[in-house]
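The next block holds one structure in the form of structure tokens; read it before the comments.
Here, each number is a calculation from the coordinates, and none is a lab measurement. Everything numeric in this text was worked out from a predicted model, so none of it was measured. Every residue, glycine among them, receives a Cβ derived from its backbone with ideal geometry; neighbour counts consider all protein chains shown.
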Amino acid sequence: MSDHGINAVGGPLWLIARRSFAEGWPRLTATLLAALGSIALIAGSLQFALRAQEAVSGADASVFFRADVLVHGGTVDPDDPFAPPDGRIRLDRVESRPGVAAAAGDAAVAVTAARPDGRAVMAAAEGATLLRPWVADPRLNPYRLEAGRAPAADDEVAVVRHLSRAGGLRVGDTMTLTLPRETRRVRITGVVAVQGRDAVAAGDLVLAPPETVRRAAVLPPGTWQSVWVKAAAGVPADRLRDELARDLGGAATVRTAEAAERAERAAAAGEGASVAGVVGGLSMVAIFVGLFVVATTFGTLVRQRTRPLALLAAIGATPRQVGLLVRFEALAVGAVAAAGGTAAGVPLSELIVRVFARDGFDVSAAPPQYGWVALGLPAAAGILVTQLAAWRAARRAAGLPPVTALRATLAETRERRWPRLLAASAIFAGAGFWYLVAVAVRVGDPPGPDRTFGVGLMILFGSLLTVTGLAVLTPLFAAPPAGLVGRLATLVSGETGRLARATTARSPRRVGTAASSLLVGVALVASVVLVTHSVDDRFHEAGRQVMAAEHAIAASARTSEGEPAPLARDVAALAAAAPGVTRAVALTRTDVKLVSPPPDEDDDAFRIRVSGAEQAGLRDVLWLGGRPPALRPGEIALSSAVMKERELRRGQKIVVRGPGGPVALTVAGVYHDPSHLFADEALVAPATMDRLDPGAATRAVLVRGGDAGTLARAVAAVPGVQVLDRDAYVAAASAALTRPLRATRVFAGMALLLALFGMATTVSMSVGERTREFGLLSAVGATARQIRSIVRWEAATVAVLGTALGLAAATGTVTLLHLATGSSFLRPDPPWWLFPAVAAGAMAATLATSALPARRAAAVPTLEAVAAD
């Protein structure tokens, strides 16, 4: 052809692309929908992660913004700006000082707020719900009434907007407050905002008259945890801070309100980044599947257009022009899918927000994010992945000889194995890198949940790459299942089965492409089920081993972490008085920081979760490994893990710092709680707990003797309380520790739907590219039923291949998790029903997704088949 002819082809390339779009719109639509769904999943997951970060770090409103100086009783924890000070300060010692224009006492008491129906109202994004005093002085009052009036009576409160909205509570409604020592019903008189925000950095606020809060904090009259100070006119905050610090001496910590606000904002920002990282890690599965489906479906689309692209070469198009055409189509599909998917990500994130809010993680206070990260990254991912998927296809298309266009039918060409093997080897090398990182974390970090999470995350990254490598190799694995299913098809369907076997064996790439999507879906489902079953089974086993009590009394409401909310301490006395009860032990809990021996310079502060229980009856309700001795006041028993990590010894003197201030303790014993539910890290007597934290929360009352009905009647007057048997309480108490698994199930479920849609799209397009083949079969006498049977037998081959590889990947992943973490909660011990159930589900899903393509294949007219392509 002359140069003029070639230029004629190159000039109107966009016309050729437009016609290609018009003629191939069904296949393009299927690919576009798969890409759009994938990018929507990516955008929704990213949007949720950003909203979680904003909900935690963005609620930067501070109750101190009208104050100039803060006076804290005792000292404050520099590592936790939201923790209450460990001392007390009298209001009159501050308000009478020179330079003080106004002063107001402050105390914060952690409470659980519940609706009239008993359901707890969760604070925003894992924050706390705090009871604080209403400030009457307008010079210091940070609360702006949005509705109603200020609380005045002992049973009246005002709440922040988030609590009002999350609980569906309005002015005039009643709610239940569970305080450390009692449960009270209160009436809402007002709804407030702080600096225009629905909540504050610490969480939600319930505001009551000052004396009500002082009594709830167990403070003497006139004494508070902190005092807010407004400086007199012309007195700088820094100067007033220095003067108050000098006058009060070591009895108080004095700082400017601005410094306190900065510390709260920094802590909230750090927590927000941490939450976003965790959520991002959990959503990685969904993002991976989205990218995988985009690449698979678009690669299939381009491969089906071998003959039309070869025709372009036959009429004079250069290889460069053919490649440009493929890339242009990829750009168009990617751009449309990126725009639609990014827009669909916002409502999808709303769905994810609602699902997580029901589990206690409420980020609804943060609005949808519209920054360049939320919108630009998913759109860029859609365009980039379609371009990467088109790159190899464009190279293949550009290298097609013109004679390819003259073939009547296009059998799948035999491809060289070494490119696939090389690509898979590179991917497996990347997986090996992450596995080595997991080993390094296991060796270098001390035992504990943080190490287990870190190792698990590295194993997850490695397993995602492993699944990708297996997906690349699926065409090489197609022969054995094709032979197995083909022999069965021949036995069952005779000549039809033989034809199905022949077509499957002739097209391993087509079978492998469809099976790769199923491989991802099966690996996801089986992995999540294996891990969930292992964790739940271990909690059940260990919980029954440790809990000797027959019943537990716990709150029906849940905290933001998912565990039962705290109880009032008076519940234990009510249970003990019930007929038939021989022992009722209240389990209290608080967090303290190890002060002495101090951590290394490079280490963070070491925190210990301390459980308190009456020692006389402890062995009647709990069987702890190592059988710790009966502890006296001033003694502490530590878990073997804490002893090993901090290199402590029995009899050693330590100093811990809790809400009650520094406390010197003696290590009197070592024990082990294999369930991690009752006394995971440390154990003390009630008198010691009162020194560590006078307001320590009661998590449950363990009861020996009596029956459920008797106990229920004994605590009937206490709202929001339930009586649970051993198994029910273990399940409720472990809910906080298994919440990451529930979060993973959300993302895995969405990813599974997308993977099945990708498989259905691939199967549908593979039927569409064989129009000529099915029409010719019909012309030589094949019935519609026989053609449908051929498609179904090919789908059965896809199901066998994808299921086998998916189950192998899932079992390998859980085995690696067990070996790398050393955790007894992650055991590769599948229940007997898992593999048959997954195989049956995969087969049903594959046959269901192939039903419509099979009908379409059987309905192809002979004349249309002859004219195809």
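Structure data summary
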quantity: Highest-first arrangement of 208-217, 345-354, where packing means the average Cβ count within 10 Å; calculated: 208-217, 345-354
quantity: Sites Y370 and V336 - FRET efficiency at Förster radius 25 Å, r taken between beta-carbons, to 0.05; calculated: 0.80
quantity: Linear extension gain, D727 paired with R785, 0.36 nm per residue minus alpha-carbon span; calculated: 15.6 nm
quantity: Cα→Cβ-extended label distance, 7 Å offset, between R855 and A687, nm; calculated: 7.9 nm
quantity: Which of A784, G705, L817, positive extreme of dipole for the chain (C-beta unit charges); calculated: A784
quantity: Near-label residues of the stretch 165-189 by backbone N, under 17 Å of a point 7 Å along Cα→Cβ of A357; calculated: 165-170
quantity: Whole-Å distance, taken between Cα centres, linking the stretch 697-750 and the stretch 776-832; calculated: 38 Å
quantity: DSSP loop chymotrypsin sites (Phe, Trp or Tyr not before Pro) with at most 11 other Cβ within 10 Å: longest gap in the chain; calculated: 371-831
quantity: Rounded Å value of the spacing that divides the Cα centres of the stretch 119-148 and the stretch 76-100; calculated: 20 Å
quantity: Estimated FRET transfer efficiency (R185, Q387; beta-carbon r; R0 56 Å; 0.05); calculated: 0.35
quantity: Straight-distance crosslink candidates among lysines, where the alpha carbon sits under 30 Å from K593 and sequence neighbours closer than 8 are dropped; calculated: K644, K653
quantity: Fully extended contour minus Cα-Cα distance, from S425 to V439, at 0.36 nm per residue; calculated: 3.0 nm
quantity: Fully extended contour minus Cα-Cα distance, from R487 to R416, at 0.36 nm per residue; calculated: 22.9 nm
quantity: Centroid-to-centroid separation of the stretch 502-579 and the stretch 475-494 [C-alpha atoms, Å]; calculated: 38 Å
quantity: Ranked packing of 711-717, 522-528, 576-582, most packed first, by mean Cβ within 10 Å; calculated: 522-528, 711-717, 576-582
quantity: DSSP-assigned coil residues among GluC sites (Glu not before Pro) in the stretch 645-707, each with at most 11 further Cβ atoms within 10 Å; calculated: E647
quantity: Protection proxy ranking of 478-485, 510-517, 420-427 - average other beta-carbon atoms within 10 Å, highest first; calculated: 510-517, 478-485, 420-427
quantity: FRET efficiency, R646 to D537 (Cβ-Cβ, R0 35 Å, nearest 0.05); calculated: 0.65
quantity: Estimated [θ] at 222 nm from DSSP helical runs (n ≥ 4, -39500 (n - 2.57)) normalised by residues in the chain, nearest 500; calculated: -18000 deg cm²/dmol
quantity: Paramagnetic label zone (point 7 Å from Cα along Cα-to-C-beta, A101; backbone N under 18 Å) in the stretch 235-258; calculated: 235-244, 256-258
quantity: Of (i) 33.1, 106; (ii) 58.0, 194; (iii) 54.5, 171, the label for Rg and Dmax of the Cα atoms in Å derived from the coordinates; calculated: (i)
